[in-house]
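Down below is the structure, laid out as structure tokens.
The values are calculated or read from the model by the stated rules, or taken from the named source; none is laboratory data. This one's a predicted model, so the numbers in the text were calculated from it and none came from an experiment. Virtual Cβ from ideal backbone geometry, glycine too; neighbours counted across all protein chains shown. Areas reflect the complete protein model, heavy atoms only, side chains present, ligands, DNA and RNA absent. Shrake-Rupley method; radii C 1.70, N 1.55, O 1.52, S 1.80 Å.
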Amino acid sequence: MNLEKSAAAFEKAKKIMPGGVNSPVRSYSSVDCSPPFISRAQGSKIFDIDGNKYIDYVGSWGPAILGHAHPRIVEALQKAVERGTSFGAPTELETELAELVQKFYPSMQVMRMVNSGTEATMSAIRLARGFTGRDKILKFSGCYHGHSDSLLVKAGSGAATFGEPSSPGVTRGTSQDTIVLPYNGIKEVEKFFAERGEEIAAVIVEPVAGNMGLVPPKKKFLPTLRQVTEKYNSLLIFDEVMCGFRVAPGGVQKKYKIIPDLTCLGKVIGGGLPCAAYGGREEIMRNVSPDGKIYQAGTLSGNPLAMTAGIETLKILLKDTSLTEKLIKKTAKLVEGLKIKAELANVEVQIQQAGSMFSIFFNPKRVKNFEDAASSNQESFKKWFVAMLERGIYLPPSQFETIFVSTEHSDDDFAKTLEAAEAAFLKL
Ligand SMILES: *Cc1c(COP(=O)(O)O)cnc(C)c1O
């Protein structure tokens, strides 16, 4: 595989942007190779500027649930572009997308559109603090909720240690208001709430975690979170920015029958354009400005292009829920195939799946939290990743990321993927 043009483009980009990229994981620094520079994508395929063609399992990190450049979305966007790209004024499109979102997520009685998942979670946290009059929030290590200061705090060593800033630039004061516990740490959560529950404004969680690789919740984890937050009048925030629309139609809350106070969505709801949302119980959401005093705004929020792409995506998913079901079944089939290939090559892996997301941990043990994930073999992953890329399979360049399957992936794509996987596993 020739990546000459990409390598040259990368050198040029590195001169003017940190790491040559606008979001760190794209730099491939964790896999010691230089990233393909993309020229276009169509359906399940992505093409780089050197003319290589790959089967894409990144899907723009989740949004591309219907594959790339879906003809209906492209057509709707072309028409929308001609009407103007941003007005900074209300449009009917915003209500239309909100109503569609609510069909999937009835718990979002009132919602607000924003431009990124980061904004959604940051705003939900501010709202929870304003609503409860409390400062502290609880999150779980290995869960990513965007890059706002409060949420960039990683786990301390002890269960309920107050965080050290995990990114320089996050103030000590801010990190002291974020408490971090292990994902799936049911006992830790119960103990913490028994001692200090009354200080907690909100618990924020990826109800199916996808940012330490795919880690599903233990059976009692989400019910425990619901129970303790209710008991101590804290809010429960489900960050379904990644798992929303992918784990099941109606998301994790429908599948697991746990209703949070607030929900954050992103990725899929923008159909590939910058769009996210936060919403929940009306009594809480009415505190957002101008109905209430908690301020949150956005020049491009609800912009007509993002609304259009989101509307078309959700309309397609809503019209035929079997589309999502088929996608999930198809993903399970691919996962089964990969497990067999790993076994044949005598490579110990954990392939963990939820809906149309899965990940491969080079680990002999099932992964239940970040500590488990971090104990996975990085060298094996790196080798396997590069061998897959060379065979035209485009995967997330880290085993702490999730692999995404789209409705456009075909049996032929899967056959090619499995053939490549077999060869790649045998190289280890
Ligand atoms: C991607 C992601 C975010 C952040 O969304 P951005 O649009 O990248 O700001 C937040 N939460 C979760 C669970 C995510 O996967």
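Please state the relative contact order of the stretch 247-319 as a whole percent: Cα pairs under 8 Å, 6+ residues apart?
On the way: 71 pairs, mean separation 21.9, N = 73.
The value is 30 percent.
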Point to revise | Positive dipole terminus of the chain, leading residue within 28, 106, 396 (C-beta point charges) | key: 106
Review point. Using 18 Å as the cut-off for backbone N distance, which residues of the stretch 284-314 belong to the label zone defined by a point 7 Å from the Cα of residue 148 along Cα→Cβ?
Key: 284-302
Check your understanding: GNM on the chain, C-alpha springs below 10 Å: top fluctuator among 211, 115, 233?
Key -> 233
Study note, to complete from the structure: Ordering 409, 147 by the accessible surface of their heavy atoms, 1.4 Å probe, largest first, yields 147, 409
Practice item. Please give the per residue accessible area of the chain, computed with a probe of 1.4 Å over protein heavy atoms only, in Å². Key: 44
Practice item. Starting from the Cα of residue 330, draw a straight line to each of the aspartates and glutamates and keep only those under 13 Å, dropping any in the same chain fewer than 8 residues away. Key: 408, 411, 412, 413
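Applying 1/(1 + (r/R0)^6) with R0 = 56 Å to the Cβ-Cβ distance of residue 259 and residue 4, what FRET efficiency is obtained, to the nearest 0.05? Don't jump to the answer; show the numbers that get you there.
Details: r = 53 Å, r/R0 = 0.94.
Efficiency for this residue pair is about 0.60.
Figure the gain on full extension for residue 23 and residue 319 (residue separation times 0.36 nm, minus the Cα-Cα span) and round it to one decimal in nm. Don't skip to the end; give the middle numbers.
Details: separation 296, 0.36 × 296 = 106.56 nm, distance 3.38 nm.
In short, 103.2 nm is gained.
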Check your understanding: What list of ³J(HN,Hα) couplings, whole Hz, do you get for the stretch 289-300 from phi and the Karplus terms 6.51, -1.76, 1.60, once you set θ to phi - 60° and write x for glycine and proline?
Key -> 4, x, 5, x, 9, 8, 7, 6, 8, x, 4, 9
Check your understanding: How much of residue 348 can a 1.4 Å solvent probe reach, expressed as accessible area in Å² and rounded to 10?
Key -> 120
Review point. How do 264, 33 rank by accessible surface area computed with a 1.4 Å probe, from largest to smallest?
Key: 33, 264
Practice item. Calculate what fraction, in whole %, of the accessible area of the stretch 299-426 sits on carbon and sulfur atoms when a 1.4 Å probe is rolled over the protein chains. Key: 51
Point to revise | Choice from 132, 229, 308 with maximal GNM fluctuation in the chain (Cα, 10 Å cutoff) | key: 132
Study note, to complete from the structure: per DSSP, antiparallel bridges as share of beta bridges in the chain, % nearest 5, sits at 60
Practice item. Heads up, I need the accessible area for residue 235: 1.4 angstrom probe, whole protein in place, Å², nearest 10. Key: 10
Point to revise | Dipole axis of the stretch 169-316 (+1 Lys, Arg; -1 Asp, Glu on Cβ), positive-most option in 278, 178, 216 | key: 216
**Study point:** Simple Cβ-charge dipole of the chain, Lys/Arg +1 and Asp/Glu -1, about Cα centre, in debye nearest 20
**Key:** 460
Check your understanding: What nm value, rounded to one decimal, do you get for the distance between residue 291 and residue 366 when each label is placed 7 Å out toward the C-beta?
Key -> 4.1
Exercise for review: Kindly sort 318, 262, 418 by accessible area of their heavy atoms, largest first, with the probe set to 1.4 Å.
Suggested key: 318, 418, 262
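At a 1.4 Å probe radius, carbon and sulfur cover how many percent of the accessible area of the stretch 225-295?
Values: 1340 of 2680 Å².
In the stretch 225-295, the share of accessible area belonging to carbon and sulfur is 50 percent.
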Review point. What residue among 196, 286, 72 has the largest mean-square fluctuation in a Gaussian network model of the chain, using Cα springs under 10 Å?
Key: 196
Revision key, fill the gap. Probe 1.4 Å, all chains present, heavy atoms only: residue 281 accessible area in Å², nearest 10, is 80
Check your understanding: Within the accessible area of the stretch 22-161, what % is carbon and sulfur when the probe is 1.4 Å and the other protein chains stay in place?
Key -> 52
Study note, to complete from the structure: Which of 103/329; 79/333; 103/368; 136/382 exceed 27 Å between C-alpha atoms? The answer is 79/333; 103/368; 136/382
